[in-house]
Amino acid sequence: MPHVEVNLPIKAPAADAWHAVTRLEDYAAYMENVESVTVLGETDTGTRTSEWSVLLKGSVLEWVEEDELDEDKRVMSFTQVSGDLDEFNGYWRVEDGGDGTSVVTFSVDFEIGIPLLADMLNPVATRALRENSEHMLRAIERRITAVS
């Protein structure tokens, strides 16, 4: 299964970065590649369901995911429950970098679901997801530093 992981040091406290990461409903307002994110509901235990529409190399990718938030560890895990890909799951993590900085990590495992074309499509999809992830992290950094 293909894997993408992107890390970005941010000149902002971990609490600020965590707040920005977990505010999914704000993503479309400041991320070029995110068309929409709608939080559909949340349980008492902190599990959310969110619906996504994202531009990936000129195509729209849509899915619904369950998001599990661990406030203490600052990890938001997600698992696709329906959508365009066969599998799509991973996590966002925010670590305290010290001196008012933080490190934001986005990690995802995915499966396109077309076995006969996997050898050709997986490298292309991996590059596209990596680029999109980097854009999302940089957008979060710009958002945090603009607000601070």
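The values are calculated or read from the model by the stated rules, or taken from the named source; none is laboratory data. Remember, predicted model here, so these are calculated numbers, not experimental data. Because the Cβ atoms are built from the backbone with ideal geometry, glycine has one as well, and the counts that use them run over all protein chains shown. Calculation scope for accessible area: heavy atoms of the full protein, side chains included, ligands and nucleic acids excluded. Shrake-Rupley method; radii C 1.70, N 1.55, O 1.52, S 1.80 Å.
Within region 12-29, the set of residues being of a type outside the set (A, V, I, L, M, F, W, C) and exposed (fewer than 14 other Cβ atoms within 10 Å of the Cβ) comprises just one member, Glu25.
Sub-8 Å Cβ pairs linking a first residue in region 129-148 that is at pLDDT 85 or above to a second residue that is open to solvent by less than 80 Å² (accessible area, probe 1.4 Å) and among the small types (Gly, Ala, Ser), at least 6 apart or interchain, are Ile140/Ala17; Ile140/Ala20; Glu141/Ala12; Arg143/Ala20; Ile144/Ala12; Ile144/Ala17; Ile144/Ala20, ordered by first then second residue. Does at least one position in region 61-73 carry a residue that is under 14 Å from the mean Cα position of the chain (by Cα), surrounded by 18 or more Cβ atoms within 10 Å (Cβ to Cβ) and without any contact (Cβ under 8 Å) to a residue 40 or more places away in the chain? Yes: one or more hits.
Here Thr79 meets each of (1) under 12 Å from the mean Cα position of the chain (by Cα); (2) closer than 22 Å to Ala139 by Cα with one exception, condition (2).
Consider region 85-108 and keep the residues that are closer than 16 Å to Val4 by Cβ and among the acidic types (Asp, Glu). The one that is surrounded by the most Cβ atoms within 10 Å (Cβ to Cβ) is Glu87. Of all residues in region 36-60, those satisfying the criterion of being small (Gly, Ala, Ser) and open to solvent by 50 Å² or more (accessible area, probe 1.4 Å) are Gly58, Ser59. Screening Arg93 on (1) among the basic types (Lys, Arg); (2) at pLDDT 95 or above; (3) more than 14 Å from Ser133 (Cβ to Cβ) shows it passes everything except condition (3). Is it the case, given these coordinates, that Thr22 is hydroxyl-bearing (Ser, Thr, Tyr), modelled with pLDDT of 90 or more and under 16 Å from the mean Cα position of the chain (by Cα)? For Thr22, the condition - hydroxyl-bearing (Ser, Thr, Tyr), modelled with pLDDT of 90 or more and under 16 Å from the mean Cα position of the chain (by Cα) - is met. Note on region 1-11: among residues that are outside any strand (DSSP E or B) and in contact with a helix residue (DSSP H, G or I) (Cβ under 7 Å, 6 or more places away or on another chain), the one that is surrounded by the fewest Cβ atoms within 10 Å (Cβ to Cβ) is Lys11.
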